[in-house]
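Below is one structure; the comments refer to it alone.
The values are calculated or read from the model by the stated rules, or taken from the named source; none is laboratory data. Computed from a prediction, not measured in an experiment: that's the story for all the values here. Because the Cβ atoms are built from the backbone with ideal geometry, glycine has one as well, and the counts that use them run over all protein chains shown. These accessible areas exclude ligands, DNA and RNA; they are computed on the full protein's heavy atoms, side chains included. Shrake-Rupley method; radii C 1.70, N 1.55, O 1.52, S 1.80 Å.
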Amino acid sequence: MQQQVNVFKFGGASLKDADAIRHVGTILKRFAHQRLVIVVSAMGKTTNALEEVANSYWRGDAPEAKQKLGAIHEAATQVINELFAEVPEELTAAVNDLFVSVEWALDEAPNPEYDYDYDQIVSLGELVSSHIVAAYLNRIDLPTRWLDARDVIQTDNTYREGWVKWPETIERAERLVPPLLQEANFVLTQGFIGNTSENYTTTLGREGSDYSAAIFSYCLDAEAMSIWKDVPGVLTADPRLFDNVTKIDRLSYKEAIEMTYYGAKVIHPKTIKPLQNKSIPLYVRSFIEPHLEGTYITDDAGDVYPPMVAVERDQALINISTRDFSFVAEHHIRELFEHITTTRLQVNMMQNTAISFNVVVNDIDDRVERFCTLIDQNFKTTVDRQLELITIRHYTPEIVDSLRRGKVNMLEGRLPLTLQMVVKDVPVMRRKD
Ligand code: ADP
Ligand code: ASP
Ligand code: MG
């Protein structure tokens, strides 16, 4: 019987410099005899830096865009020089070609659709890192085949948030990956990117590499998927925001979906569903302490949990009422949701009263303005911005009280297991002297 495949995903933090990549090599040595599909993100904060390139280009400042791109190329070259005493020629050629193709594109006039240009530029990060890591693994005697994820992951034309075409993607994964795994135990590919039927690159949404790994896991019927993070596993809250967090050893798919959907940034929210559909377990493990057990996410993880907190920042609360002072009726709600769909707003919470409808959305780009303009003829709107959405699963009165302290509560919703509140900081009052 053929050995089953495991899928590993290494994110930007685990590949942030040459030492980090060496450390990933050390982790992978332990798995040399397994068949692995390894999905990698761009190194460190490269995607943010590439977003800056896209923004300069879009503003019409091609020289600035090129200068920023040059700095990213230099940083990649430095990592390569630190990793290899003798740099493989094919690696230098592959990386240079990738940078030159984007540099040339920066000489053209921007496309009318920003999101299209964004994807063509920002996808460079994963392409470069995957070439570097694959070459390094081969150099340390871990035979690895490089795979272009765009040959496998097919999406529609929704740039910056490509929707996966599952039948095409499954067919390609089944056809292309197993022969590579016959040649070498490791196949290494990019997270975050896909391809349209016209052969243009798409991205799957920021932080989407976890999702790419889940797509490969689903298509290849993986035995398990592991994502290697800078935390010991899934914690009761983001350790960057809270003290006293504890690791959760086992988590159900359902709990994981709820927490990640509302902003637990440790896993991309789209990751869990494909795994759940095929009962593929997900391990969230620490690349810093790789021998420790992380969090095991599966079907039979029980249902007793400590309170878990997720915080989503940059929320906008849109209060909507009709211009003719009528009640907000079903046909109004239908019209509002049509525009919510066209402007790609993600609704995190909603509540209605007789004369107003409140939605809480992620405040991305100019989507809220575009939405308000589209509905302006029939609806009045007021918008509160820079709010936080705090979601508490398995809430207790104590934890709710402690999270409310120092905040103004703008909207709250309770279900038996979940409490959500949209808050802003209490304005600081200063006494006049
Ligand atoms: P990657 O390197 O794969 O991109 P991320 O940085 O996206 O990894 O995710 C790991 C980060 O997620 C952690 O550093 C942590 O600050 C954050 N995080 C947010 N919520 C949680 C949580 N509930 N448990 C663990 N980490 C969390
Ligand atoms: N590099 C992409 C990002 O930073 C995808 C990922 O890392 O998951 O958003
Ligand atoms: Mg990430």
> What's the FRET efficiency of residue 405 with residue 431 using the Cβ-Cβ distance as r and R₀ = 22 Å, to the nearest 0.05?
Replying inline: 0.55
> What's the FRET efficiency of residue 175 with residue 3 using the Cβ-Cβ distance as r and R₀ = 25 Å, to the nearest 0.05?
Replying inline: 0.85
> Does the stretch 119-234 come out rounded, prolate or oblate by the C-alpha gyration tensor, with a ≥ b ≥ c the root eigenvalues, rounded set by a/c under 1.5 and, if not, prolate when a/b is larger than b/c and oblate if not?
Replying inline: rounded
> Accessible area of residue 326, 1.4 Å probe, to the nearest 10 Å²?
Replying inline: 40 Å²
> In nanometres, what is the gap between the two model label sites at residue 254 and residue 417, each 7 Å from Cα along Cα-to-Cβ?
Replying inline: 0.4 nm
> In 5 Å bins starting at 0, how do the alpha-carbon pair distances of the stretch 1-115 split up by percent?
Replying inline: 2, 10, 16, 18, 17, 14, 10, 7, 4, 2, 0, 0
>> Can you give me the C-alpha center-to-center distance between the stretch 397-433 and the stretch 280-301, rounded to a whole angstrom?
In response: 33 Å
>> Calculate the FRET efficiency for residue 279 and residue 304 from the Cβ-Cβ distance with a Förster distance of 25 Å, rounded to the nearest 0.05.
In response: 0.75
>> For the chain, take the convex hull of the Cα atoms, compute a quarter of its surface area, and give me that in nm², please.
In response: 25.9 nm²
> Using a cut-off of 24 Å between alpha-carbon atoms, which lysines can reach residue 29, once sequence neighbours fewer than 8 places away in the same chain are excluded?
Replying inline: 9, 16, 229
>> Tell me the volume per residue, in Å³, of the convex hull enclosing the alpha carbons of the stretch 377-420.
In response: 92 Å³
> Just the projected area, averaged over all directions, of the convex hull on the alpha carbon atoms of the stretch 175-228: how many nm²?
Replying inline: 4.6 nm²
> With the dipole of the chain worked out from charges on the C-beta (+1 for Lys and Arg, -1 for Asp and Glu) around the Cα centre, which of 329, 65, 201 lies farthest toward the positive end?
Replying inline: 329
> When you count, for each residue, the other Cβ atoms within 10 Å and take the mean per peptide, how do 109-115, 364-370, 34-40 rank with the highest first?
Replying inline: 34-40, 364-370, 109-115
> How much length is gained if the chain between residue 240 and residue 48 is pulled fully straight, taking 0.36 nm per residue apart and subtracting their Cα-Cα distance, in nm to one decimal?
Replying inline: 67.2 nm
>> Quick check on packing: order 82-89, 342-349 by the mean number of other C-beta atoms within 10 Å, highest mean leading.
In response: 342-349, 82-89
>> Using only DSSP helix segments of four residues or longer, with each worth -39500 (n - 2.57), what per-residue ellipticity at 222 nm results for the chain after dividing by its residue count and rounding to 500?
In response: -12000 deg cm²/dmol
> Alpha carbon centre of the stretch 226-259 versus the stretch 1-56: separation in Å?
Replying inline: 20 Å
> For the stretch 293-433, what size does the Cα cloud have along each of its three principal axes, sorted from largest down, in whole Å?
Replying inline: 58, 55, 30
> What relative contact order, as a whole-number percentage, does the chain give when Cα pairs under 8 Å and 6 or more residues apart are counted?
Replying inline: 13 percent
> So who's got an amide H within less than 5 Å of the one on residue 250, skipping anything under 5 residues away but keeping other chains? H placed 1.01 Å off N, in plane.
Replying inline: 296
> What is the packing order of peptides 256-263, 331-338, taking the mean over residues of other C-beta atoms within 10 Å and listing the highest first?
Replying inline: 256-263, 331-338
> Of all accessible surface on the stretch 304-374 at a 1.4 Å probe, what whole percent is carbon and sulfur?
Replying inline: 58 percent
>> What number comes out for accessible area per residue over the stretch 163-293 if the probe is 1.4 Å? Units Å², please.
In response: 43 Å²
> Length gain on complete extension for the stretch residue 31 to residue 109, per 0.36 nm per residue less the alpha carbon to alpha carbon distance?
Replying inline: 23.4 nm
> Over the Cα atoms of the stretch 354-427, Rg to Rh with Kirkwood Rh, two decimal places?
Replying inline: 1.04
> With all protein chains present and a 1.4 Å probe, how do 241, 98 order by accessible area, largest first?
Replying inline: 241, 98
>> For a quick check, take a GNM of the chain with Cα springs below 10 Å and name the residue from 271, 322, 46 with the largest mean-square fluctuation.
In response: 322
